[in-house]
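Q: Below is the structure I would like to discuss, written out as structure tokens.
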Amino acid sequence: MSATDSLTGASDAAAPALQGPAGAGPSLVAAGLTVAIDGARLLDGVDFEARPGELHALLGPNGAGKSTLLGALAGDVTPTAGTVTLDGRPLAAWKLRELARVRAVLLQQHEVFFPFTVREVVEMGRAPWRGTDAEDDDERMIAEAMALTDVTALASRAVPSLSGGERARAALARVLAQGASTLMLDEPTAALDLKHQEDVMRLARERAASGDTVIVVLHDLNVAAAYADRVTLLQRGRVVASGKPRAVLTAERIGTVYGQDVEVLEHPRTGTPLILPLR
């Protein structure tokens, strides 16, 4: 049994299609990952894996290091120490465009200050495929991504004129249009109403079920318990526990990490954990 299976992370991904083949692709592995800025350790010796066919949620209180870890896994944050490999190759060995074809990243902040339309923003996701045979799929991929995120009717709207939730969905459509089979989503449900939150998580779940690797930063422990195959719980830049939601999300552990007493019940229909603050 690996350290991952006993409480530590998961890995893999690839393929230029909106839904990649099951079991395909590069593995994503971090070992001893440390990120220090101005003397502060945002990550401290983190080991992590993400596997194809699984939705892996990064959890933890504010400042735990979730977004920093996602940025380091994506190659957008340079680690002070440790390694990240994708398909057995260090991230630094990948050319930027090559990397963009196998992993797509949705950032927490996705402001657009220029008056691009929703359609133009989604088209940007196809940039890595320019000049390749996959360029023939542009129209299909763009249309599919917009339909999946419910922004087709907004295609001609300027992004700065949209609500926060509409902007978030347009940004997700761009990520989906990219056609990468490793998805890294930083709080994709944060600005969304209840229906669109569920739509996004169902979509992430479906992508994982199709064989893609999906890593999602979440604040809502109940959403993570309902949708994630595996979760990694962070605190002060370190991994507290990683594994199946039921094993990780115990009342004692949540109380210790979040400083909030909770009760963990079992959902009467699905059996998934329900985390309720004690009030």
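Q: Can you list the aspartates and glutamates whose alpha carbon is less than 14 Å from that of Lys95, not counting same-chain residues fewer than 8 positions off?
A: Asp76, Asp87
Q: Shifting gears a bit: State the Cα centre-to-centre distance between segment 165-233 and segment 78-108 in whole Å.
A: Here the answer is 19 Å between Cα centres.
Q: Could you give the Stokes-Einstein D for segment 49-134 in µm² per second, using the C-alpha Kirkwood radius, 37 °C, 0.692 mPa s?
A: Numbers: Rh = 15.4 Å.
In µm²/s, the coefficient is 214.
Q: Continuing with the same structure: Enter the accessible area of Ser67 (Å², nearest 10), with the probe set to 1.4 Å and all protein chains included.
A: Probe radius 1.4 Å; accessible area of Ser67 about 50 Å².
Q: Another one. Probe of 1.4 angstrom, ligands and nucleic acids ignored: what's the accessible area per residue over the chain, in square angstrom?
A: Details: 12590 Å² over 279 residues.
On a per-residue basis, the chain sits at 45 Å².
Q: Using only the heavy atoms of the protein chains and a 1.4 Å probe, how would Glu266, Glu206 rank by accessible area, largest first? Please list the in-between numbers first.
A: Working: Glu266 120, Glu206 95 Å².
Highest to lowest solvent-accessible surface, that is Glu266, Glu206.
Q: With a 1.4 Å probe and all protein chains left in place, how much of the accessible area of segment 118-216 comes from carbon and sulfur atoms, in whole percent? Don't skip to the answer; put the middle values down first.
A: Working: 1930 of 3770 Å².
Reported share for carbon and sulfur atoms: 51 percent.
Q: Which of the lysines could a cross-linker span from Lys244 if the Cα-Cα distance has to be under 25 Å and same-chain partners fewer than 8 positions apart are dropped?
A: Hits, sequence-local ones excluded: Lys66.
Q: If you count, for each residue, the other Cβ atoms within 10 Å and average over each peptide, how do 42-52, 120-130 line up from highest to lowest? Kindly include the intermediate steps, with their values, before the conclusion.
A: Details: 42-52: 23.3, 120-130: 18.7.
Highest to lowest by the protection proxy: 42-52, 120-130.
Q: Where nothing but the Cβ of Lys and Arg (+1) and of Asp and Glu (-1) is charged, how large is the charge dipole of the chain around its Cα centre, in debye to the nearest 20? Provide the component values of the computation, followed by the final result.
A: Working: 28 positive and 35 negative charges, 65 e Å.
In debye, rounded to 20, the chain gives about 320.
Q: Follow-up. Can you check what the Kirkwood hydrodynamic radius comes to for the chain, Cα pairs only, in Å to one decimal? Write down the numbers at each step before the final one.
A: On the way: mean 1/r = 0.0526 Å⁻¹.
After inverting the pairwise mean of 1/r, the radius is 19.0 Å.
Q: Of Gly71, Ala92, Val102, which is farthest towards the positive pole of segment 27-109's charge dipole, taken about the Cα centre with +1 and -1 on the beta-carbons of Lys, Arg and Asp, Glu respectively?
A: Farthest towards the positive end: Val102.
The values are calculated or read from the model by the stated rules, or taken from the named source; none is laboratory data. Please read these numbers as outputs of a predicted model, since none were measured by experiment. Please note: Cβ atoms are built from the backbone with ideal geometry, for glycine as well, and neighbour counts cover all protein chains shown. All accessible areas refer to the heavy atoms of the entire protein, side chains included, with ligands and DNA or RNA removed. Shrake-Rupley method; radii C 1.70, N 1.55, O 1.52, S 1.80 Å.
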